[in-house]
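Read through the structure below, which is laid out as structure tokens, and then see the notes.
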Amino acid sequence: MKRDYVFNDSIQRIKWRRKQNYDVSYLMNYAKDRGVYYLQLEDDILSQYNFVSEIFKFVQKSNNDLESRWKMIEFSPLGFIGKLFRTKDLPIFISMFLWFSEYKPLDLIHNYVFDIIACDPSKNIKLCKPNLMKVKIEYKPSLFQHIGLKSSLKGKIQKLKDKKFVHKIPIKKHLNPDATLSTSFKFYQGHTFNKLYFGIDYCWINEGTGNDNIIINFKEKFLLKGYIIKSGASLHPEDKIPINSTLEIQLFENQNDSKSKNFPKTEDEYLQIDRMESDSGEMIKNLNQSFLYHIKSFRLSIPNFKANKWILIYEFGVF
């Protein structure tokens with residue numbers, strides 16, 4: 001093993017980064033005849049929820065740009081994460097990684113390909129920049145964030161973060177019926193339940209009394225056929241609706257009450273139609289045709305809210 005005169009890395013680290021070059025080269029070689037595009041990702045990253053559609057849209061836009069001669073689109077500035085290639089261009093990168101595997105890590109080696117393709121070494125590097133931007137395209141804002149800490153190199157802690165990465169919490173809009181909303185909860189930075197219900201924003205609960213609820217009073221008689229409620233998010237997986245939370249309905253007057261005997265009744269005449277039995281944070285159901293009700297009120301009750309346990313609800317639909 002040759003001594004490292006550039007980074008002064010240990011033999012162990014040289015072997016580790018060389019193996020990275022070999023591993024990625026192997027993956028690229030396997031993929032080069034099996035598709036149109038190749039995207040390099042890692043297993044310890046966080047992605048924007050719509051990253052696939054965003055990538056496809058941007059690639060199509062770049063392909064339609066007559067000025068573009070792109071060889072790589074960078075969907076993250078970190079290391080070798082989020083780098084997209086055409087599979088037909090992979091052989092040159094594979095060769096470079098293998099040729100220079102003992103000298104530098106692959107996230108540095110790949111940049112030399114662009115220098116070769118786009119730059120005249122006899123001229124100032126600033127004159128090269130317009131050409132470089134046509135072969136190496138940067139997508140902003142980043143679609144990926146590195147969240148891992150432990151490197152595959154023993155003893156190495158990797159704190160690499162993209163400071164400009166802003167994770168978008170997915171919001172699934174529903175055409176919920178017109179209603180008056182009330183709650184005993186308080187919300188973080190204006191992320192209220194009203195905004196969630198009308199498809200504007202997610203709902204983030206940070207304060208309650210310990211025995212709280214969200215009440216939806218419909219302005220007109222509403223035939224409840226089902227509901228979908230999802231909480232927690234990839235950045236906040238613990239911020240879920242807690243176990244033993246319940247969904248309750250209040251029937252519209254003058255309905256046949258025989259079917260309601262199948263459900264527990266609260267002291268204030270609500271029927272309990274569902275209970276959170278697991279820590280999934282989700283309550284989803286299409287009601288059986290024989291159990292459809294015209295209702296005037298729909299209530300989510302959370303009897304055991306704790307101040308150190310916030311709740312982030314990003315989808316709420318009644319239909």
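The values are calculated or read from the model by the stated rules, or taken from the named source; none is laboratory data. Computed from a predicted structure; not experimentally measured. Cβ placement follows ideal geometry from the backbone for every residue including glycine, while neighbour counts extend to all protein chains displayed. For accessibility, only protein heavy atoms count, side chains too; no ligands or nucleic acids. Shrake-Rupley method; radii C 1.70, N 1.55, O 1.52, S 1.80 Å.
Points worth noting:
- Flag for LEU108 being open to solvent by 60 Å² or more (accessible area, probe 1.4 Å) and under 26 Å from LEU46 (Cβ atoms): yes
- Residues being modelled with pLDDT under 90, assigned to a strand (DSSP E or B) and either under 19 Å from PRO237 (Cβ atoms) or in contact with a Leu (Cβ under 7 Å, 6 or more places away or on another chain) (or both) - total across segment 274-294: 2
- Only one of the numbered conditions (1) free of Cβ contacts under 8 Å to residues at least 24 places away in the same chain; (2) touching a helix residue (DSSP H, G or I) at 6+ places or on another chain (Cβ under 7 Å) is violated by PRO237, and that is (2).
- Qualifying residue in segment 112-123 (condition: surrounded by 15 or more Cβ atoms within 10 Å (Cβ to Cβ), of a type in the set (Phe, Trp, Tyr) and assigned to a loop (DSSP other than H, G, I, E, B)): no
- Checked against (1) crowded, with 16+ Cβ neighbours inside 10 Å; (2) assigned to a helix (DSSP H, G or I); (3) touching a residue at least 24 places away in the same chain (Cβ under 8 Å), LEU132 meets all criteria but (3).
- Members of segment 18-40 that are open to solvent by 50 Å² or more (accessible area, probe 1.4 Å) and in a helix (DSSP H, G or I): ARG18, LYS19, GLN20, TYR22, ASP23, TYR26, LEU27, ASN29, TYR30
- Test for LEU98: is it surrounded by fewer than 19 Cβ atoms within 10 Å (Cβ to Cβ), under 12 Å from GLN20 (Cα atoms) and out of contact with any Cys (no Cβ under 9 Å at 6 or more places or on another chain): yes
- Scoring THR87 on the criteria (1) more than 20 Å from ASN131 (Cβ to Cβ); (2) out of contact with any strand residue (DSSP E or B) (no Cβ under 6 Å at 6 or more places or on another chain) leaves a single failure, condition (2).
Conditions (1) over 19 Å from HIS236 (Cα atoms); (2) at pLDDT 90 or above; (3) part of a strand (DSSP E or B); (4) open to solvent by less than 30 Å² (accessible area, probe 1.4 Å), marked per residue:
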residue	(1), (2), (3), (4)
SER182	yes, yes, yes, no
ASN194	yes, yes, no, no
GLY199	yes, yes, no, yes
TRP204	no, yes, yes, yes
GLY210	yes, no, no, yes
ILE216	yes, yes, yes, yes
LYS219	yes, yes, yes, no
PHE222	yes, yes, yes, no
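- Any chance ASN308 is in contact with a Ser or Thr (Cβ under 9 Å, 6 or more places away or on another chain) and either open to solvent by 70 Å² or more (accessible area, probe 1.4 Å) or not in a strand (DSSP E or B) (or both): no
- Output for segment 1-13, where each listed residue is in a loop (DSSP other than H, G, I, E, B) and not aliphatic (A, V, I, L, M): LYS2, ARG3, ASP4, TYR5, PHE7, ASN8, ASP9, SER10
- Flag: ILE313 does not match the condition of being open to solvent by 80 Å² or more (accessible area, probe 1.4 Å), part of a strand (DSSP E or B) and modelled with pLDDT of 90 or more.
Matching residues to (1) within 30 Å of TYR314 (Cα to Cα); (2) in a strand (DSSP E or B); (3) under 27 Å from the mean Cα position of the chain (by Cα); (4) in contact (Cβ under 8 Å) with a residue 12 or more places away in the chain:
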residue	(1), (2), (3), (4)
LYS15	no, no, no, yes
GLU42	yes, no, yes, yes
VAL52	yes, no, yes, no
LEU78	yes, no, yes, yes
